[in-house]
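> Handing you a structure now.
The values are calculated or read from the model by the stated rules, or taken from the named source; none is laboratory data. These numbers were taken from a predicted model, which means no experiment stands behind them. Glycine also receives a Cβ, built like all others from the backbone with ideal geometry; neighbour counts cover every protein chain displayed. Accessible surface is based on the protein model in full, side chains and every heavy atom, while ligands, DNA and RNA are left aside. Shrake-Rupley method; radii C 1.70, N 1.55, O 1.52, S 1.80 Å.
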Amino acid sequence: MKLASLKHGRDGRLVVVSRDLTRCAAAEGIAPTMQAALDDWATTAPLLAALAARLEAGSVAAAQPFDPRACAAPLPRAHHWVDGSAYVNHVELVRKARGAAMPDTFWTDPLVYQGGSDDLLGPTDEARFASEDFGIDLEAEVAVIVDDVPMGATPQAAANRIRLLVLVNDWSLRNLIPGELAKGFGFYQSKPATAFSPLAVTPDELGDAWRDGKVHLPLVSRINDAPFGAPDAGVDMTFSFPQLIAHAARTRRLGAGAIVGSGTVSNYDRSRGSSCLAEKRTLELLAGGKPQTPFLRFGDRVRIEMFDAAGSSLFGAIDQRVARAD
């Protein structure tokens, strides 16, 4: 099933969305918000699935047109947002661009950071930044939303706690990153509010594309309507989602509604393009001695989407304009 949160208060109003993304039905009487549904998933999931079936059959009298512009992030604020770097070839490239060596352990032990989760952007919200000089960059990713995960869970156990999948634009301010990392305490100002797709979908919605804890489909990014990249999210993913979840839960529990991201999707096959400007600029640097592609400017537009084999949009699109902060 496909779920969304319409803008309403701080935490949105939960709706079930039709597979063709044209209609939705409020989850009244089941769960008022996405977080409430996740808090009692064993009870709410069958009821939401039944509502989704009625919506597909056209038997929900109160169904209304679905408009992604009315959507907040599926979880407008989440208890926990942890992002990985599962595509290690991408990490290797970006570190090379700033002259940082990569330890061999990056290939055997997942790298994650904990991002801000109190202010998550909806799919068409403007992405606002104080200055273009910060080096504004997109990062197209896939993420999972989990149920309660006990501390010390194995990857096998973690796989059974995945409830929903979403698309992510993990905005980065590249020119602020080196200074922050040099302090030895990680990202903060260089990682502004993260944006999410309008829909959160259950794994079965992906069919055979969901296997081995990975999404085996291209993640399509466009900048100002021009194609930018379409790397396959299931290729060259060094660590699967169950491995990322188990790593995050090694020393703590994860609560229902925790979001775990894949990191920037990247393939060794560079003909498929990139999912962030930093990678493209690094490839230009290695090939010609200097980057050619600029970072984003105010007024630029970024669109991120994933399609099934029939060409239907699975999550709806993240479609945002870069704007100057007030």
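> Of all residues in the stretch 63-93, which are of a type outside the set (Asp, Glu), within 27 Å of Arg281 (Cβ to Cβ) and open to solvent by 20 Å² or more (accessible area, probe 1.4 Å)?
If the condition is that a residue be of a type outside the set (Asp, Glu), within 27 Å of Arg281 (Cβ to Cβ) and open to solvent by 20 Å² or more (accessible area, probe 1.4 Å), then Ser85 is the only one that fits.
> Another one. Take Ala52 and tell me if it is without any contact (Cβ under 8 Å) to a residue 24 or more places away in the chain and either among the hydroxyl-bearing types (Ser, Thr, Tyr) or assigned to a helix (DSSP H, G or I) (or both). Please lay out each step first, then the result.
On the way: without any contact (Cβ under 8 Å) to a residue 24 or more places away in the chain: no; either among the hydroxyl-bearing types (Ser, Thr, Tyr) or assigned to a helix (DSSP H, G or I) (or both): yes.
Answer is no for this residue.
> Restricting to the stretch 168-206, name every residue that is out of contact with any Ser or Thr (no Cβ under 7 Å at 6 or more places or on another chain) and of a type in the set (A, V, I, L, M).
Leu181, Ala182, Ala193, Ala195, Leu199, Ala200, Val201, Leu206
> Oh, and also: When Ser190 is evaluated against the numbered criteria (1) modelled with pLDDT of 95 or more; (2) open to solvent by 40 Å² or more (accessible area, probe 1.4 Å), which criterion, by number, is the only one it fails?
Status for Ser190: all satisfied but (2).
> Any idea how many residues of the stretch 17-49 are touching a strand residue (DSSP E or B) at 6+ places or on another chain (Cβ under 7 Å), under 21 Å from Ile162 (Cβ atoms), not aliphatic (A, V, I, L, M) and not in a helix (DSSP H, G or I)?
2
> Could you tell me whether Phe239 is surrounded by fewer than 23 Cβ atoms within 10 Å (Cβ to Cβ), in a loop (DSSP other than H, G, I, E, B) and of a type in the set (A, V, I, L, M, F, W, C)? Explain how you work it out, then say what you get.
Values: surrounded by fewer than 23 Cβ atoms within 10 Å (Cβ to Cβ): no; in a loop (DSSP other than H, G, I, E, B): yes; of a type in the set (A, V, I, L, M, F, W, C): yes.
It is false that Phe239 is surrounded by fewer than 23 Cβ atoms within 10 Å (Cβ to Cβ), in a loop (DSSP other than H, G, I, E, B) and of a type in the set (A, V, I, L, M, F, W, C).
> Restricting attention to the stretch 259-298, which residues are exposed (fewer than 13 other Cβ atoms within 10 Å of the Cβ), not in a loop (DSSP other than H, G, I, E, B) and not hydrophobic (A, V, I, L, M, F, W, C)?
Ser271, Gly288
Rundown of residues vs (1) modelled with pLDDT under 95; (2) touching a helix residue (DSSP H, G or I) at 6+ places or on another chain (Cβ under 7 Å); (3) open to solvent by 30 Å² or more (accessible area, probe 1.4 Å), yes/no style:
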site: Gly99; (1), (2), (3): yes, no, yes
site: Thr105; (1), (2), (3): yes, no, yes
site: Leu111; (1), (2), (3): yes, yes, yes
site: Gly116; (1), (2), (3): no, no, yes
site: Pro123; (1), (2), (3): no, yes, no
site: Phe129; (1), (2), (3): no, no, no
site: Asp133; (1), (2), (3): no, yes, yes
site: Glu141; (1), (2), (3): no, no, no
